[in-house]
Amino acid sequence: MKQFDEAMIFGEDDFSEQLENVIKPWIHNNLQEGYFHSEDGTKIHYHFALHPQERASVVISHGFCEFVSKYHEVMYYFYQMGYSVFFLEYRGHGFSQRYVEELDRVYVRDYREYVQDLHGFVEQVVKKKSRTDTYFLFAHSMGGCIATLFLEQYPEVFQAAILSAPLLQMNFRDVPEWAVSLLVLWSRIARWDLRYVPGQKGFDNVYVFDTSSCTSEPRYAYVFSERQREPHYTSYGGTYAWTRASIKGIKRAHRDANKITVPILLCQAGLDGMVKPAGQERFVQETKNTRLVRFEDSKHEIFNAKVDVRKPYYKEIFSFLQDCMPQDK
């Protein structure tokens, strides 16, 4: 078993060099991809890397408007620690099937559809390709809400889960809740399903690191360049349908939280401007086995924070996974 060493976490100044000389060659040599069909027939794209001495498998549940390139570094670290890694692109993201023409407009009718995607991925791909029968779930933001709903519906699949800045309460900033409720109700009556909600828009090729969700600019720059390179990676703005689905999904996640039986590590970002911490703290109270760790100096994307945040972040993650391994592993 490889022991975690903070020195393996790449810093800021050398990220571009490590990306070109270490991470990209690893991707080329190890990362494979494919497609499967979700339970309703939707075609879903995925990636995976099988470790030859696999200790367990880690399934990554990504956030709103995200895609595989954003997790290249994350996947590399899991692999280096002995885990096979599996990544699906949810419907409406990346190269998975979409139900709107614009590649940058995110639409879904219900989070149950995302849960179907994740369940189909586990059953059709992960379980068939993994070399062990131990599965862990790593989920960020929107993917954290999806993961929570999955764990409530399928409590026996994963050994444990890591929720990184999970979407368990939306942040509407200065807009009062009653105004949001009225607007969401009217959007259904007016059939605004495909319209952007206020504050959302399509990808405009504008570099906005200062107002982004990460504090490591080299990592922001890489993700931005990937959006520019590949049109399928330009998912960028939420529709009214996606917003309504998110609100309902969050309510269900809290309502059934007591159905979750596995240990959970919840990583909270102290400078999060995308989700409200109160929802995460409420979730901790609603579940029996959730431990919250707060990273004060991080924005929403903790895995794209500066190195002084990411080192303790990954230390918590790998210590947690080690503690959750079956005793005979």
(request) Report the normalised scattering of segment 52-172 as log10 I(q)/I(0) at q = 0.21, 0.23 Å⁻¹, calculated by the Debye formula with identical scatterers on the alpha carbons. (result) -1.27, -1.48
(request) Taking just the C-alpha trace of the chain, give me its Rg and Dmax in Å. (result) 18.6, 57
(request) Using a 1.4 angstrom probe on heavy atoms only, work out the carbon and sulfur share of the accessible area of segment 1-119 in %. (result) 44
(message) Tell me the Rg and the Dmax, in Å, that the Cα atoms of segment 131-191 produce.
(response) 16.6, 51
(request) With a probe of 1.4 Å, find how much accessible area the chain has per residue, and write the answer as a whole number in Å². (result) 43
(request) Could you size up the charge dipole of segment 233-295 around its Cα centre, putting +1 on the beta carbon of Lys and Arg and -1 on that of Asp and Glu, and report it in debye to the nearest 20? (result) 220
(message) So for segment 131-262, considering every pair of alpha-carbon atoms, how many percent are separated by more than 27 Å?
(response) 36
(message) Taking all protein chains in place and a 1.4 Å probe, what share, in percent, of the accessible surface of segment 205-329 do carbon and sulfur account for?
(response) 50
(message) Loop-only trypsin sites (Lys or Arg not before Pro) in segment 198-274, please: DSSP not H, G, I, E or B, and at most 16 other Cβ atoms within 10 Å.
(response) 201
(message) About the Cα centre, and with charges only on the beta carbon of Lys, Arg (+1) and Asp, Glu (-1), how big is the dipole of the chain? Nearest 20 debye, please.
(response) 980
(message) With both bridge residues required to lie in segment 1-152, what share of the DSSP beta bridges run antiparallel, to the nearest 5%?
(response) 50
(request) Take peptides 172-182, 18-28 and line them up by average Cβ neighbours within 10 Å, highest first, as a rough protection proxy. (result) 18-28, 172-182
(message) Give me the extension gain from residue 184 to residue 127: residue separation times 0.36 nm, minus the current Cα-Cα distance, reported in nm with one decimal.
(response) 16.6 nm
(message) Give the separation of the Cα centroids, segment 141-206 to segment 276-329, in Å.
(response) 21
(message) Looking only at the chain, where both bridge partners belong to it, what percent of the DSSP beta bridges are antiparallel (to the nearest 5)?
(response) 30
(request) Go through segment 268-282 residue by residue and turn each phi into a ³J(HN,Hα) via Karplus (6.51, -1.76, 1.60, θ = phi - 60°); whole Hz please, and just put x for glycine and proline. (result) 10, 9, x, 10, 5, x, 9, 10, 8, x, 4, x, 5, 5, 5
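Only helical DSSP H runs with n ≥ 4 go in: add -39500 (n - 2.57) per run for the chain, normalise by residue count and round the 222 nm mean residue ellipticity to 500 deg cm²/dmol.
Theoretical 222 nm ellipticity from helices: -10500 deg cm²/dmol.
The values are calculated or read from the model by the stated rules, or taken from the named source; none is laboratory data. The model shown is predicted, which means the values in this text are computed figures rather than measured ones. Here Cβ is always computed from backbone atoms with ideal geometry, including for glycine, and neighbour counts include all displayed protein chains. Side chains included, ligands, DNA and RNA excluded: accessible areas come from the protein's heavy atoms. Shrake-Rupley method; radii C 1.70, N 1.55, O 1.52, S 1.80 Å.
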